[in-house]
Structures are given as structure tokens and as C-alpha cells.
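Here the structure comes first, spelled out in C-alpha cells, and everything after it is commentary.
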Amino acid sequence: MRKALRWLLALAVFIGTLSTAGTATAAQPEATGTTDIKDQLLAVPGMSLIEEKPYPGYRFFVLDYTQPVDHRDPSKGTFQQRITVLHKDVSRPTVFYTSGYNVSTTPGRREPTQIVDGNQVSMEYRFFTPSRPAPADWSKLDIWQAASDQHRIFQALKSVYTKKWLATGGSKGGMTATYYERFYPRDMDGVVAYVAPNDVVNDEDSAYDRFFTQVGTKECRDRLNAVQREALVRREPLEKKYAAYAADNGYTFHTIGSLDRAYEAVVLDYVWGFWQYSLLRDCDTVPADAKTATDQAIWDSVDSISGFSFYTDQGLEPYTPYYYQAGTQLGAPDIHFPYIEKQYIRYGYETPRNLVPRDIPMRFQPYAMRDVDSWVRHHAHHMLFVYGQNDPWGAERFRVDKGAKDAYVFTAPGLNHGANVAGLVADQKALATARILQWAGVPAASTAQAKPLARFDSKLDVRDVEREPALRP
């Protein structure tokens, strides 16, 4: 969920006949005499077609679905929620994916879709444009309403896709899949949540401070810390460069309040952003001696990781729904900078309240995450959580206790916010893959033989890190 951060799978034939694991499969025609899949989808009340895009072996549809603004009181109006369907075959399992943000209108598969060689339904999160009610009643942007969006889409499509369903997502999408399971535990047959933060107590964030004293190597930490500090020491000349950059691009700073405040926010994102999106080997790209580095070298390093455009009004606006949720239910991390003298830090980590326009009211609900955390610990069933060893967001993570059944939390060594099942150690990778296949109703012959059923596709299966905005209280 962080943007400084701005930057969190269908066999060859029908289920009764298993193909060789790892063999690519083409989309099979629907049974003779059945209705075309597009007509089946458009027969769903409230579903309309935006466009169909071709992709070999699949049908890919971009759709609008009519949703109530308030699932508790449908009389309060409706809005159009954008979804996509990557259709393989109705005989295959289906993966329900959301990033927790906008939906991509380009065909793509998430890792569980490749593993099970299935269909994929992807949902745009409510209030991310264009899936925003007009006028926008921001009080209707909460985790229960969003889970109810998913529930309603599943209810609408389960008569088309009648086999097993899995929910998945990364980062805020992993959180979304978890919240959906908490509120509608009978919908999905399994959940695969990647790099999902779990900020149970919003005001207690010491886990993040401990993380930053241990991650990677001391040499790398020292390099990063020095560049961050130097960017604040050189505030005056670098802010002049920032002002010229903003003027050249038409950037403004009304939401955050000032260019000075935005500059500090970008710089304070730097170390977190590196570990979220980079690997230990990338330390070689960080200036080795910050004190003797040029202003341009300091600027370039910070910009390449944090992005000086982000805390502008134009950079923040697409993420207003996220920051609203961070400031009302999700919580946001706070970290300290003991290696930087106090006189260089004027504002500290910005709160979500300062990143949302003031005409949108916000009130934090401390019980929301405690409820989800308790439910996962004691009731998780058919759930898999995957984290990256070097990802800051994994410092506060979901855990499963004795009440949970067939639920797992695994960590991929050396990986960041792009951690996945493929990056786990061999025995955990085999177990995770076997459980995903089992939950999807296409079990492998044994755990040791468990492999993705579809071959890797360089276009469909791009393993991008979930690029999200900075979570900052």
C-alpha cells in the first residue's frame, strides 16, 4: 500500500481429465449448443459490456456492474463498478482478484490463476474512479461495503462459473481478500493473500522501527540512511530544484499544504520505499558517500525511489480513497528516524488526514482491524498469507492461531513487496501450491508433485510489485 512508494492461475480438458502439470492449455470451446460466454455474462442483471479484448487462449471482457451505493439500504442509489473477466472455460475454477485500487483493463493473470489454470474475475475497488458514486458519500467507503461488492459480484457470476472459487490480492488487495473472507466466509473455497499488512493497533508501530534496524545489511542501511539525512540537510537547494520541477509540470500542493511539507514527505518515504520495491543487490545503486555526492545525485536517488511528483495534488488525487480508508479503518504506520537530528525534521510522517481534501470528513474506527485480526487468528480456514522477508509491510502481519484450520503464513526469503509463492523455499512452495490446487478442486497427485497447471506467459504473468501509495499516519 505504499507509493513512495508509489511507485501488494484450467487444465487441458474438463476436471475429470487431468493434464500434465506445467503444460499450457488453450481455451476450450463451450459445449455444443450452450450460450456464448459473452451472452451469459451480459444476461446477468446489471451487467453491461464496455469492451472485449482478444488474447490467445482466452476471452477478455471489460464490464460495468450496477452496485448499490449502500448495501444496507439499496434505495440510496447505485453506481457502476468496473470489473474484468479473463475467461478460460466454465469447467475451470475461478480466481477473484482485486488490487484494492483501480482494475487493469489489460489481460493479466495473478499467480493463483496460473497455478489452477482458471478463469479470473477482477474488481475495481469502490470509489476509485471511474467506480465512484456521484455524488460521493464517503461514509459508504468501508471494508464491509467493499466486501459486499465482492459478495454481490460472486452471487451474480456463480451460476456462470460453477466450479471452485479462490480470492486473492496483494497488499491492499490481500487485505481486501481477507476482509471479504471475514464478512462472507461461505463464498470462497480458499484465499491467497499476498503481503497484506495488518495494523491492529494504529498507535503502536514499534515493529516497523525494529524492522529498519535489522533489514538487509548494515552497509546498505547506512547508505540509505545517509542519503535520506543528506536530502534534509540540503533542503534549501533541493527545494529550489523541486519548485522549478513543480512549476515546469504544473504541480500544486493544496492538499498537503506546502511544497516544503511535500518535500519532507518524499524524503521520509525514501528508506521505506527502497526496501518495499528494491532488493538487497540494488544497494549498489545508492550513493556510497552521501556527504560528497552532488545535489543531482541525491535528488536522482530520492526521486527514483520516492518520486517527487507524488505528494503534489495531482499525485495524491487518484489515491484519495486509499488515504480515506487508512485514516478511518485500515490504520497507517508511523516510524522514527534516530539517525537524523531533530532540527532537520519539521513535520514527521504525514497522517492520512493531511493527504485527503479537508472537505471530506474522516473519523478513525479503532475496532475495525481488531475485529478482522481476531477473526483470522481464530477462524481462518483455507487461507494462505505470503510475505517478503525484506518488505516493511510484513512487520505487522496476519497470524493464525490454534482456532484456524488449514491456514498458513509463509515468508519468502530476501523478497520485497512482490513476494509470491514461487519465491518461497522449496517445501513451503510445494505445500502452498498443493493447497491452492486442492482448494480449487484440481489437486495434484502429491504435495511434492504440485506445480502450476499453466505455463508461464510473459505477458499475462508479469510479476509486478503491487505499486501503491505511501501509508503514513
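The values are calculated or read from the model by the stated rules, or taken from the named source; none is laboratory data. On a predicted model such as this, the values are computed, not experimentally measured, just so you know. Note that each Cβ is placed from the backbone with ideal geometry, even for glycine, and that neighbours are counted across all protein chains shown. Remember, those area values only see protein heavy atoms, side chains included, never the ligands or the DNA or RNA. Shrake-Rupley method; radii C 1.70, N 1.55, O 1.52, S 1.80 Å.
Within the accessible area of the chain, what % is carbon and sulfur when the probe is 1.4 Å and the other protein chains stay in place?
Working: 9520 of 18610 Å².
On the chain, the fraction of accessible area on carbon and sulfur atoms equals 51 percent.
Under 18 Å from the Cα of Lys291, which aspartates and glutamates turn up, not counting those fewer than eight places away in the same chain?
Leaving aside aspartates and glutamates fewer than 8 places away in the same chain, those within reach of Lys291 are Glu219, Asp222, Glu230, Glu236, Glu239, Asp300, Asp303, Glu341.
For a test of the definition: using alpha carbon positions, the gyration tensor, and the 1.5 limit on a/c, classify region 269-314 as rounded, prolate or oblate. The partial results should precede the final answer.
Values: a/c = 2.82, a/b = 1.23, b/c = 2.29.
It comes out oblate by the Cα gyration axes.
Would you mind checking Lys38/Lys451; Lys164/Lys429; Lys218/Lys241 for any pair whose Cα atoms are more than 24 angstrom apart?
Too far apart for the 24 Å limit: Lys38/Lys451; Lys218/Lys241.
Given a Förster radius of 25 Å and the C-beta distance between Lys76 and Arg370 as r, what FRET efficiency does 1/(1 + (r/R0)^6) yield to the nearest 0.05?
Once rounded, the FRET efficiency stands at 0.35.
Which of the lysines could be linked to Lys76 by a straight reach, that is with a Cα gap under 20 Å, when you skip same-chain ones fewer than 8 residues away?
Qualifying lysines at Cα under 20 Å: Lys140.
Which trypsin sites (Lys or Arg not before Pro) from region 357-403 combine a DSSP loop assignment with at most 12 other Cβ atoms within 10 Å?
Of the trypsin sites (Lys or Arg not before Pro), the ones in loops of region 357-403 whose Cβ has at most 12 other Cβ atoms within 10 Å are Arg358, Arg363, Lys402.
Keeping all protein chains in place, calculate the accessible area per residue for the chain (probe 1.4 angstrom), answer in Å².
Here the per-residue accessible area is 39 Å².
Can you tell me, using C-alpha contacts under 8 Å and at least 6 residues apart, the relative contact order of region 355-460 as a whole percent? Before the final figure, lay out each step's value.
On the way: 138 pairs, mean separation 20.8, N = 106.
Contact order relative to length: 20 percent.
If each of Glu51 and Arg455 carries a label point 7 Å out from its Cα toward its Cβ, how far apart are those two points in nm?
About 2.9 nm separates the two model spin labels.
Report the gain in length on full extension from Thr162 to Asp300: 0.36 nm times residue separation, minus Cα-Cα distance, nm rounded to one decimal.
Separation in residues times 0.36 nm, less the Cα-Cα distance, equals 44.5 nm.
Taking 0.36 nm per residue of separation and subtracting the Cα-Cα distance, what length does fully extending Arg235 through His254 add?
Value of the extension gain: 4.8 nm.
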